[in-house]
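Novice: Before anything else, here's the structure in question.
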Amino acid sequence: MKKILVIGAAGQIGSELVPYLRKIYGDNNVVATYNYTPLPLELVEGGPSEKIDATQGVALNDIVKKHSIDTIFNLVAVLSAKGEANPQMSWKINMDTTFNCFEVMKEIKGAVFMPSSIGAFGPTTPPDHTPQDTLMRPTTIYGISKVAAELLGDYYYLKYGVDARGLRYPGIISNVTLPGGGTTDYAVEIYYEAIKKKSYTCNLSAGTFLDMMYMPDALRSAVELMEADPAKLVHRNCFNVTSMSFDPEMIAAAIREHMPEFRLEYNIDPIKQAIANSWPNSMDDSAARQEWGWKHEYDLKTMTIDMLEKVSAKLKVSDTR
Ligand code: AKB
């Protein structure tokens, strides 16, 4: 059985990935770590946890040894928009953590899951059906750190035998933990505001198409990639994966199917808009589909039904507290 360390377990993906992994691999085999943001109680009570600053290699090494870890899921990242506010801090956190994960796992030839992003692409990348292997010259510090991390993953695999694998995630939409500091965050906020106010002011313009994915597909894709037969992997770091591509008008129309009075307005954030304009409209993820059988389950319609139901229930619960 794998012994897994999840770094960044309090974040949007980590807070759902930890219980998902614990169900598959056993509660005691998945160690949840956090640094500044405390873990939700459910994660603390559900299995082992540690507070750690993963930018410190010695501290990370100690935790890996203490729990006999053989696999790391590294979810620490300062996202795209937040990164532009403090590029130096973003680079340090994103890169030091990534580098330390690979360094620590090189001794034991362990495995590292590293999420990359649509943010790894840039304005010179072909924007439609963006190929798996293509020009990658991102213009954000986040994107630059993602490309560097992808290359490091291949390097540590080739040079040291670290089983490094990763996905280029699109915007992830979820109803448990809010994202923070991303360019695609609007696609989560819109559901919360629709339920609270029946209207939303979007900071990206109509016609801004971006790839997106619902959290259940994001969790499943990470595990399926890490369980994939290595002999079948032509690529490793990292695979394009997507479930849908839409613009703000399309997500608003999907919400209006259930809430005809929903209103969408715009107040463009120039920094986020410039970032979104530099990213693909839609990725080609056929390499993931061919090499390890990736298949999305949720589309815009089915995700919207589930989001409206789950977020409504969540907001009703918090209203009565
Ligand atoms: C962001 O918007 O920065 C992230 C991402 C697409 O990587 N959600």
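Novice: Looking at (1) surrounded by fewer than 23 Cβ atoms within 10 Å (Cβ to Cβ); (2) over 17 Å from residue 267 (Cα atoms), which is the one condition that is false for residue 164?
Specialist: (1)
Novice: I would also like to ask the following. Could you list, in sequence order, the residues of segment 70-89 that are away from the ligand (no atom under 16 Å from the Cβ), of a type in the set (Val, Ile, Thr) and either out of contact with any Leu (no Cβ under 6 Å at 6 or more places or on another chain) or more than 17 Å from residue 17 (Cα to Cα) (or both)?
Specialist: Within segment 70-89, just 71 meets the criteria.
Novice: What number goes with the only condition from (1) assigned to a strand (DSSP E or B); (2) within 15 Å of the ligand (Cβ to nearest atom); (3) more than 19 Å from residue 15 (Cα to Cα); (4) of a type outside the set (Asp, Glu) that residue 164 does not pass?
Specialist: Residue 164 satisfies every listed condition except (2).
Novice: Could you tell me which residue of segment 171-214 is farthest from the ligand (Cβ to nearest atom), considering only residues that are among the aliphatic types (A, V, I, L, M) and in contact with a Ser or Thr (Cβ under 7 Å, 6 or more places away or on another chain)? Break it down stepwise before answering.
Specialist: Kept after step one, since they are among the aliphatic types (A, V, I, L, M), are these residues of segment 171-214: 172-173, 176, 178, 187-188, 190, 194-195, 204, 206, 210, 212-213.
Subsequent filtering for residues that are in contact with a Ser or Thr (Cβ under 7 Å, 6 or more places away or on another chain) retains 176, 188, 195, 210, 212-213.
Values: 176: 15, 188: 9, 195: 21, 210: 8, 212: 9, 213: 10 Å.
Among those residues, the one meeting the criterion is 195.
Novice: Which ones in segment 267-295 are of a type outside the set (A, V, I, L, M) and more than 16 Å from the ligand (Cβ to nearest atom)? Break it down stepwise before answering.
Specialist: In the first step, residues of segment 267-295 are kept if they are of a type outside the set (A, V, I, L, M); the result is 267, 269-270, 272-273, 277-282, 284-286, 289-295.
Within segment 267-295, 267, 284, 286, 289, 290, 291, 292, 293, 294, 295 meet the criteria.
Novice: Among the candidates 134, 140, 98, 125, single out the residue that is free of Cβ contacts under 8 Å to residues at least 60 places away in the same chain and within 16 Å of the ligand (Cβ to nearest atom). Steps first, answer last, please.
Specialist: On the way: 134 fails: within 16 Å of the ligand (Cβ to nearest atom); 140 fails: free of Cβ contacts under 8 Å to residues at least 60 places away in the same chain; 125 fails: free of Cβ contacts under 8 Å to residues at least 60 places away in the same chain.
None of the other options fit; the residue is 98.
Novice: In segment 1-93, which helices (runs of 4 or more DSSP H) lie fully inside it and hold 2 or more residues that are free of Cβ contacts under 8 Å to residues at least 24 places away in the same chain? It would help to see each step written out before you state the result.
Specialist: Values: elements: 14-25, 41-45, 57-66, 80-85.
Filter on segment 1-93 gives 41-45, 57-66.
Novice: Would you confirm, using the coordinates I've provided, whether residue 149 is under 26 Å from residue 88 (Cα atoms), touching a strand residue (DSSP E or B) at 6+ places or on another chain (Cβ under 6 Å) and part of a helix (DSSP H, G or I)? First the steps, then the outcome.
Specialist: Working: under 26 Å from residue 88 (Cα atoms): yes; touching a strand residue (DSSP E or B) at 6+ places or on another chain (Cβ under 6 Å): yes; part of a helix (DSSP H, G or I): yes.
For residue 149, the condition - under 26 Å from residue 88 (Cα atoms), touching a strand residue (DSSP E or B) at 6+ places or on another chain (Cβ under 6 Å) and part of a helix (DSSP H, G or I) - is met.
Novice: Restricting the search to segment 284-293, which residues are more than 19 Å from the chain's Cα centre (by Cα) and outside any helix (DSSP H, G or I)?
Specialist: Selection gives 293 alone.
Novice: What number of residues in segment 177-201 are surrounded by fewer than 16 Cβ atoms within 10 Å (Cβ to Cβ) and either at pLDDT below 95 or within 14 Å of the chain's Cα centre (by Cα) (or both)?
Specialist: Going through segment 177-201 one residue at a time, the tally reaches 2.
The values are calculated or read from the model by the stated rules, or taken from the named source; none is laboratory data. Nothing here was measured: the structure is a model prediction, and the numbers come from that model. Reconstructed Cβ throughout: ideal geometry from the backbone, glycine too, with neighbour counts over all protein chains shown.
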